[in-house]
Protein chains: 2
Amino acid sequence: MPYVAPVDDIMHALKTAAGLEALIADGIIATDMDTVSAVISEAGKFGAEVLDPLNWSGDRQGSKLVDGVVHTPAGWKEAYGQFAAAGWGSLPCSEEHGGQGLPQMVSMAASEIWNSANMGFGLCPLLTQGAIDAVEAHGSAFLKHTFLPKMVSGEWTGTMNLTEPHAGSDLGHLRAKAEKQSDGTYKITGTKIFITYGDHEMTENIVHLVLARLPDAPPGTRGISLFLVPKYMVGTDGVRGARNDVICAGLEHKLGIHASPTCVMKFGEKGGANGYLIGKENRGLNVMFIMMNAARLAVGVQGVAIAERATQRALEYARERKQGRTASSKGHEMGPIVEHADVRRNLMTMKAMTQAARAICLVTARETDVSRLAKDPAVRAAAANKVALLTPIAKAFSTDIGCEVASIGVQIHGGMGFVEETGAAQYYRDARILPIYEGTNGIQAIDLVSRKLPLDGGKVVENYIGELWKTCEEVRASNRPEFGRMAERLSDTVIALSEATRYLMQTMQTNPDAAMAGATPYLRLFGLASGGVYLARGALAATRDGSGGSQYVALARFFAENLATAAPGLKETVVGGADSTLGMALSA
Amino acid sequence: MPYVAPVDDIMHALKTAAGLEALIADGIIATDMDTVSAVISEAGKFGAEVLDPLNWSGDRQGSKLVDGVVHTPAGWKEAYGQFAAAGWGSLPCSEEHGGQGLPQMVSMAASEIWNSANMGFGLCPLLTQGAIDAVEAHGSAFLKHTFLPKMVSGEWTGTMNLTEPHAGSDLGHLRAKAEKQSDGTYKITGTKIFITYGDHEMTENIVHLVLARLPDAPPGTRGISLFLVPKYMVGTDGVRGARNDVICAGLEHKLGIHASPTCVMKFGEKGGANGYLIGKENRGLNVMFIMMNAARLAVGVQGVAIAERATQRALEYARERKQGRTASSKGHEMGPIVEHADVRRNLMTMKAMTQAARAICLVTARETDVSRLAKDPAVRAAAANKVALLTPIAKAFSTDIGCEVASIGVQIHGGMGFVEETGAAQYYRDARILPIYEGTNGIQAIDLVSRKLPLDGGKVVENYIGELWKTCEEVRASNRPEFGRMAERLSDTVIALSEATRYLMQTMQTNPDAAMAGATPYLRLFGLASGGVYLARGALAATRDGSGGSQYVALARFFAENLATAAPGLKETVVGGADSTLGMALSA
């Protein structure tokens, strides 16, 4: 069944949870709602018409390495060409370098669409965007002049080269080397793994951003520098020159995202690849973190995307597949399984989790925009702190539910869900990378507890929980019968989050390991509280403006009464589970 | 890393949760602990030495259909021959037909081992056992004489042919036909799908059990009969005769269990396959349910099996893989990830969930044995009711956690987990069929609420919860510091189960759809309560007999303080979530 972009759901989340209209009214974002809606609708068409039809065939064919050349699946190069020509790769890029200067909120909404339609494809622009961000923020005038315009236009793609076989999450131990040349450039040598779109023939050049270590660099993460290493050298006239000393030495055989080539990259097999320093020597990780934070949100959006796609397919199947008697059955006839209560629970879970994660990601995008565009430096700083706080939730909660929703999608199909041709299994396979890459979800949880809760002495999270609580009170005050027990359940959830937060802030001081033991259930609790409140804001808005939107009330109520109910138990696990988590001997 | 059968964990569950020693002492089971231990150890060796080495290669090669013949992967035929020759296929079969007459508890323990080592292989004896059970219970003297000995010896395998394209869960609508012949046999025609090991060349014959409908049969499930249809006809002398009119017309291309051929079977393409009635005309479903109930427990055991295998691999990896600093790191050295608190939470969750599900399955097997072997008919009847109650929990809870644990296993491997060669991804793929086949887990939950709770006017579940509560009181009374808050958490869990049960019993009378809406969270709650209590019994025993076993105390405490904490929230969902589950318009 073909993909249909959920334009209404995206617009609803942008308006209600992320408050886009207010940002436009305040002049912080220079666009209007009609433009946003038009862009998202057009993106939806492109996703449905160009990317979605290649998703399944791309999975079956996969990318292949033949005689040192990576071949993407049939149709990929043409689709990429159309994508770049239509300007989809440049939505959020600065107008100075040929971009469209649209806000991050719109860019992330479009990114959801590419990744729903075709996650194996969507990864390529996702990584390119990260490389653009880094060059834009820290590249020299030469690098900006020479590389940015063609990256923004989509003529060239970009990659991020971090991981080495022995250094995955722990970048401090990476070994790739960079030696300074007399002309100010560097010779790069080393092997990188898990490089997404590390090589392909879709564009005439590829811009690699590579972490490496100078000979005299201090050990650990303070001795890492970032370099730009093009696949082909480029003259000051912008003309493509000789091939650089970098090759793809192998492709991984993966569980999913088969179309996306995951490359082993070798730099300097013939003496050293030519590279240019980005930012300062030994400060590469700072630049990389800028890219990684944006990429973490983008990966969270991929979680939303795969959940949306799995939900659409499951709902369609449940409406068509007939098994068993239901209220609408006549005589011995079977009714559609969508009418069975247990199938409804599954579908409601899929829809509610997806919309909640979407709201969390779009709120994070909103705060990114405010942190860049607001006039008041204090407002910008507060928004930047909120981005820092929410990024691990956006990444980990959304990708966890991406996997869960994709798994429910398989289940709704019954035996057909286990048959690859049905398509549900591909989402289940593709989704599984999301909790792993761009920092595993465990690392996100640790980041949340150890670095984000202490921000501004704990005031950032305290203020945020205060905002959530305000919505709980609005729900209670509205006193609408169709809200059911939403106020009670959401209040319990936010109270649980508040108590768990207080416990972790204290425990981080006295027993950091015990705090870390609670990080993952705490992040889940945080996601349930945020997601539940954002859906409730959508429900409040839907009833306030009288425009209907009863489905948003129903989703918010379902989330509060069926999913957020897990919150108090998660708090118990956080505050009472550490001793038994840490006590048992597990080492060999 | 090679599989090592968890003999200690299995024996511990058999002794403490399933009370095997008491059954032996009471003379209900005619064996001794040394024999049981020896059988399980030997099974462990066979699994590790013969089946485990073929698991990965079997997945890569898969079974193939070439010119109408199904080819299993390299090594399969030889391994199956060794399996049969060693008598592993006949553990629980009656001695009358050449079996070894061992209790179901031992058979299920061995079945865990085959499926941990190689689930694609383990399915073949699993299905054969179901066919043996049906023929043993309801076959004519001719069928028993002609087919049983070779099925028990493993010379021939068996299949279950239920599903048709339009009739998966709803067997009442199946269309396969049977016409009675003048000699008392039947001609069978029709197409069946999803037939596990429906064809292969490992044995010289295959015995298909096939559901079909007589021309004058009443509509629905009361018009279904069961037939035995051999691949090759067999003379009264037991000699294999002509090929029967049944072929494999295709193999499914599946997400996992690639080695296990999932066949489209065509019966009667040349006029009708010869079949023999099993049991009575139009009463086939009754016989099939005997097989299916046993198979449901066996599938639950597959959930335990895949969880165990995923846990072993993840633990081994976590001990070897070094990333980040830990307590044992020196200077800038990285420590093994098993020492990180968040990884420990993952590993503890895997271990605790696996041992809890194992206990639930082995208790269900225990009650099966008592229902067959106890002298007192009242004891037998009570045990049969307990089997009925626990079978949906054993099947659904164990297979849900099988998927969850396999997914955590991928996560612990980081990026390597997404690379197929690592092996963790295979478990994630293989596990996904388990919540689907032998009745989806949604159907198990509905069965639990609609058919099992009302057993004996609700007394069966009431008594069962009473037993769980008794353990909570023992834990409280023991007052051991190393139990932490186990008593409190388990009591909360059993109280939640009790309240949810009372609500569902009432609601089934007044609003069945609302009760059904809570079935899935209720089943999860039931599994947490049962699993937590069984682990607690293990912990109590480990402290009582002074034999050490501190790991069982640690697991029980972890389960209570970290996983059973979800119970009160699940109860809230069951009792308060139905309206919002059923309220939203989802139909097209």
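Read-outs throughout are calculated quantities, based only on the coordinates presented, and are distinct from any laboratory measurement. Quick caveat: nothing in here was measured; it's all calculated off a predicted structure. Note: ideal-geometry Cβ built from the backbone for every residue, glycine included; neighbour counts use all protein chains shown.
For the reader, a short list of remarks on this structure follows.
- log10 of Debye I(q)/I(0), alpha-carbon scatterers only, for chain A at 0.08, 0.11 Å⁻¹: -0.55, -1.05
- Relative counts (whole %) of C-alpha pair distances in the range A:453-523, using bins that are 5 Å wide: 3, 15, 22, 19, 15, 11, 7, 4, 2, 0
- Judged by the ratio a/c of the largest to the smallest principal axis of the C-alpha gyration tensor, the range A:413-494 counts as oblate, that ratio being 1.5 or greater while a/b is no larger than b/c.
- Fraction of beta bridges assigned by DSSP in chain B that are antiparallel (%, nearest 5): 80 percent
- Alpha carbon centroid spacing (whole Å) that separates the range A:235-289 from the range B:203-219: 61 Å
- Using the Cβ-Cβ distance between A:His166 and A:Asn511 with R0 set to 25 Å, the FRET efficiency works out to roughly 0.25.
- Other copies of B:Asp8: label-to-label distances in nm, shortest first, labels 7 Å along the beta-carbon direction: 5.9
- Spatial offset of the range A:483-523 relative to the range B:139-172 amounts to 54 Å, using the alpha carbon center of each.
- Highest mean packing first, where packing is the average number of other Cβ atoms within 10 Å per residue, the peptides B:248-255, B:548-555 line up as B:548-555, B:248-255.
- Shortest-first distances to equivalent copies, position B:Ser182, nm, label 7 Å out along Cβ: 10.7
- Calculated [θ] (222 nm, deg cm²/dmol) that DSSP helices of n ≥ 4 give over chain B, each run adding -39,500 (n - 2.57): -18000 deg cm²/dmol
- Rounded tilt (10° steps) of A:33-46 against the dominant C-alpha axis of chain A: 70 degrees
- The relative contact order of the range B:449-581 comes to 33 percent, based on Cα pairs under 8 Å that sit 6 or more residues apart.
- B from A by rotation - nearest chain A beta carbon to the axis, in Å: A:Gly569, 2
- Principal-axis analysis of the Cα atoms of chain A puts helix A:7-16 at an angle of about 80° to the longest axis.
- Normalised alpha carbon radius of gyration of the protein assembly as shown [divisor 2.2 N^0.38 Å]: 0.93
- Packing around the peptides A:36-44, A:223-231, taken as the average count of other Cβ atoms within 10 Å per residue, puts them in this order, highest first: A:223-231, A:36-44.
- Across peptide B:549-559, the average count of Cβ atoms from other chains found within 10 Å of a residue's Cβ is 3.
- Label positions at A:Lys375 and A:Glu281, each projected 7 Å from the Cα along the C-beta direction, are separated by 4.4 nm.
- Rounded tilt (10° steps) of A:519-544 against the dominant C-alpha axis of chain A: 60 degrees
- Counting from the shortest, the label point at A:Lys330, 7 Å from Cα toward Cβ, is 8.2 nm from the same position in each remaining copy.
- Peptide B:424-432, shielding by other chains (average Cβ, 10 Å cutoff): 3
- For the segment B:477-484, counting C-beta atoms of other chains within 10 Å of every residue's C-beta and taking the mean gives 1.
- For the range A:173-202 versus the range B:14-85, the inter-centroid distance based on Cα atoms is 50 Å.
- For the range B:449-581, the convex hull drawn through the C-alpha positions has a volume of 90 cubic angstrom per residue.
- Packing-based ranking of B:115-122, B:21-28 yields B:115-122, B:21-28, ordered from highest to lowest mean Cβ neighbour count within 10 Å.
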